[in-house]
Amino acid sequence: MNKFTPTLWLQRPIHWSLIFGLISLLVSCGTSEIPLGPTSLNSRYAEEQPTLSGNGRFLAFVSNRNGSHQLLVYDLQQQIFVRTPGLNRSETISESPSLSYTGRYIVYLTSDQGRPVVALYDRATQQSQILTPVYRGWVRNPAISPDGRYVVFETASRGQWDIEVLDRGPNVELDIPNGATVDAPN
């Protein structure tokens with residue numbers, strides 16, 4: 001005679017850690033918005049090309065959050081994302097960011113009529129401007145000086161990669177710490 005032992009569903013050999021892991025994965029994939037409040041910097045999205053401001057407070061990087069390629073700025077001190085209206089446009093890709101000393105100016109690559117151009121975003125005015133609209137060749141790897149006056153980048157206008165230095169002029173509002181003095185050029 002066979003002995004019958006009732007087994008409950010919970011007594012079956014199931015790997016509970018696998019079930020809880022799958023449930024937590026489903027719950028974490030619920031939102032695709034960029035977190036704008038206090039949040040962790042790292043996410044499940046591809047993020048690359050990080051750059052720090054000269055004072056070490058701001059981090060700019062390229063992210064694939066929201067399913068689109070965009071340039072984000074993160075305040076490391078307050079641990080929040082900084083709003084940058086007008087920086088990311090839906091029809092263009094932004095990459096290779098560089099920050100000035102306090103992160104006021106952001107230089108980056110974007111496209112204009114299918115060609116890469118160097119652009120500058122001013123966080124104080126929340127406006128972007130293209131710095132290289134007339135270059136015939138390709139441009140890459142832009143960087144901005146800590147004070148925001150000079151922008152350097154590589155260009156292939158002569159058939160080889162050369163370095164260009166763009167002086168934004170003596171009347172540009174410099175990105176310097178409060179109370180710092182500006183030395184006059186010799």
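The table for this structure:
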read-out: Under 5 Å, built H, 5+ apart or other chain: amide partners of Thr132; value: Val118
read-out: Using θ = phi - 60° and Karplus 6.51 cos²θ - 1.76 cosθ + 1.60, couplings along region 82-89 (whole Hz; Gly, Pro as x); value: 8, 6, 9, x, x, 7, 9, 10
read-out: Computed label-point distance, nm, for sites Gln126 and Gln160 using a 7 Å Cα→Cβ extension; value: 4.6 nm
read-out: Accessible surface of region 77-186, 1.4 Å probe, proportion on carbon and sulfur as whole %; value: 46 percent
read-out: Cα centroid separation - region 125-143 against region 46-110, whole Å; value: 16 Å
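The values are calculated or read from the model by the stated rules, or taken from the named source; none is laboratory data. Just so you know, these numbers come straight off a predicted model, no measurement behind them. With ideal geometry, Cβ positions are generated from the backbone for all residues, glycine too; neighbour counts draw on all protein chains shown. Protein only, heavy atoms only, side chains kept; ligands, DNA and RNA dropped before computing areas. Shrake-Rupley method; radii C 1.70, N 1.55, O 1.52, S 1.80 Å.
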